[in-house]
Amino acid sequence: MYSRKSNHFISSRKEAEVREVDTDHSHRARNKTPVCLYFDSRRLDRDCFAQAMAAHAAEMRFTCFGSLQEWLNQKRPPEPGSVVLLNLGGSGSVERSQQKQISHFVKAVAPAPVVVMADTEKLEHVIRALEAGAAGYIATDIDANIVALALKVAAVGGCFVPATCLTQMDTVLVDTARQESRLQSILTSRQIAILAAIERGKPNKVIAREFGIKESTVKVHIRDIMGKLKATTRTEILYNVKNL
């Protein structure tokens, strides 16, 4: 009797241990599965995206949210290896206002990398997203397999951008070199440096402090720049520089 009970007890204990090991293995396997937190304010788009990616990236788990606040309400940090995909929705591009949104997302979900999705592949919008801290950029008209690849690249510390950006970069580099050559023939080296500060939106006080000169001297330089570029305002300076 004792032996049978003992054997039954041992058998039950072994079964419990097996169940515990199986549960532990499944938990570990789940943790090792890459996770994508997908943010899109449009519910139908979220559902369609999740279904499409389930067919093209079965090795990755997708969790969808309508807003950053919805995710924050869960009060759970991103799992190790997670990557965030932020769809800018109907905005279609990365304007200055979207830069702040991206930057806010990057800080909120850190250390998970953020990949931005938008309608355009224009280089200037891609650069704005990367400047805001994004770890990648994809357009809404690409294949689902490319989306999966971009997320995997970001998850391991890489940066994914559309291939068209490379072609655009060649054009930009040529235009930039031509622009710099023209500026050097018009402005002094100090004026070019101050122009760069103006392009970054820095006020006169900040420019004066960074260059170690008086604010009145900065104003003189800006007035000279305006005269040489035939401009009357800072905005007109930037416009005329683009059209050199």
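To the nearest 20 Debye, how big is the dipole of region 99-203 about its Cα centre, given +1 on the beta carbon of each Lys and Arg and -1 on that of each Asp and Glu?
520 debye
What does the charge count around Leu229 come to, taking other residues whose C-beta lies under 12 Å from its C-beta (Lys +1, Arg +1, Asp -1, Glu -1)?
So the surrounding residues net to +4.
How big is the Rg/Rh ratio for region 33-162, C-alpha atoms only, Rh by Kirkwood, two decimals?
0.92
Just to be sure I understand: if I project the alpha-carbon convex hull of region 166-242 onto a plane and average over all orientations, what area do I get in nm²?
Its Cα hull, projected and averaged over all orientations, spans 5.3 nm².
Just add up the charged neighbours of Glu95: K/R +1, D/E -1, any other residue whose Cβ is under 11 Å from the Cβ of Glu95.
Summing Lys and Arg as +1 and Asp and Glu as -1 gives +2.
Run the simple label-point estimate for Ala110 and Thr33 please: 7 Å along Cα→C-beta, distance reported in nm.
3.0 nm
Which links in Lys122/Lys228; Lys202/Lys242; Lys122/Lys219 stretch past 25 Å when you go from one Cα to the other?
The pairs that break the limit, which is 25 Å between Cα atoms, are Lys122/Lys228; Lys122/Lys219.
Read the figures in this text as sums done on the coordinates, not as results from a lab. Everything quoted here is computed from the prediction, not taken from an experiment. Cβ coordinates were reconstructed from backbone atoms using ideal geometry, including for glycine residues, and neighbour counts include every protein chain displayed.
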